[in-house]
Amino acid sequence: MKKEICIIILIIVIIGGMLLFTNKDKNITIDINKISKDIMENIKFEDELNKMDNDTVAKLYDINDATSQLVYMSSGATAEEIAIFEFKDKYECKIALEKANNRIEEQKQNFKDYMPKEMKKLENAMIKNKNQYLIVCITNHPEEVGRILSKYLR
């Protein structure tokens, strides 16, 4: 009887351990409208940000395979922007992360002579990649954006 109880306990411990490690990278679900609204309402931007259409986003980010996306950009007077993408899986998201980094590098080239004060924002751009989500935010307040994102990317 003791031997059977020990075996049962051992099986429970093994199964519990397996569940603990397999849930480590569990899928999360984010309402991209909610997170963009949270950022827009709680972060002070110097310029007014306007929602971009899908064709513009595809040209600027070279991202065409997002299942959903919201991108807000400044008028061009600043480098400020918010981009939130959702992909089918984390592998597509990883490819898009490289494209987002390319976008920021292009912006650095565009702004370095035109408006050098924007370089600090671009150098400190907030880029978060979590499972199937990619979030880019260019602002003077990346730490505050990080706090907002931590509520959603648990």
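The values are calculated or read from the model by the stated rules, or taken from the named source; none is laboratory data. In this text the structure is predicted, and so the values were computed from the model without any measurement. A quick note on method: Cβ atoms are made from the backbone with ideal geometry, for glycine too, and the neighbour counts reach across all protein chains shown. Note: areas computed on protein heavy atoms with side chains; ligands, DNA, RNA excluded. Shrake-Rupley method; radii C 1.70, N 1.55, O 1.52, S 1.80 Å.
Summary of values
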| quantity | calculated |
| --- | --- |
| Cross-chain or 6+ apart pairs with Cβ under 6 Å, segment 140-154 first and closer than 11 Å to Ile39 by Cα, then surrounded by 16 or more Cβ atoms within 10 Å (Cβ to Cβ) and of a type in the set (Lys, Arg) | Leu149/Lys128 |
| First in segment 71-93 and part of a helix (DSSP H, G or I), second anywhere and open to solvent by 50 Å² or more (accessible area, probe 1.4 Å) and β-branched (Val, Ile, Thr), Cβ under 7 Å, 6 or more apart | none |
| Of residues in segment 99-131 being within 20 Å of Asn33 (Cα to Cα) and open to solvent by less than 20 Å² (accessible area, probe 1.4 Å), the one modelled with the lowest pLDDT | Asn131 |
| Those residues of segment 37-54 which are assigned to a helix (DSSP H, G or I) and touching a residue at least 24 places away in the same chain (Cβ under 8 Å), in sequence order | Asp38, Ile39, Met40, Asn42 |
| In segment 60-85, residue nearest to the chain's Cα centre (by Cα) [restricted to those that are open to solvent by 60 Å² or more (accessible area, probe 1.4 Å) and at pLDDT 95 or above] | Thr67 |
| Residues being assigned to a helix (DSSP H, G or I) and in contact (Cβ under 8 Å) with a residue 24 or more places away in the chain - total across segment 120-139 | 2 |
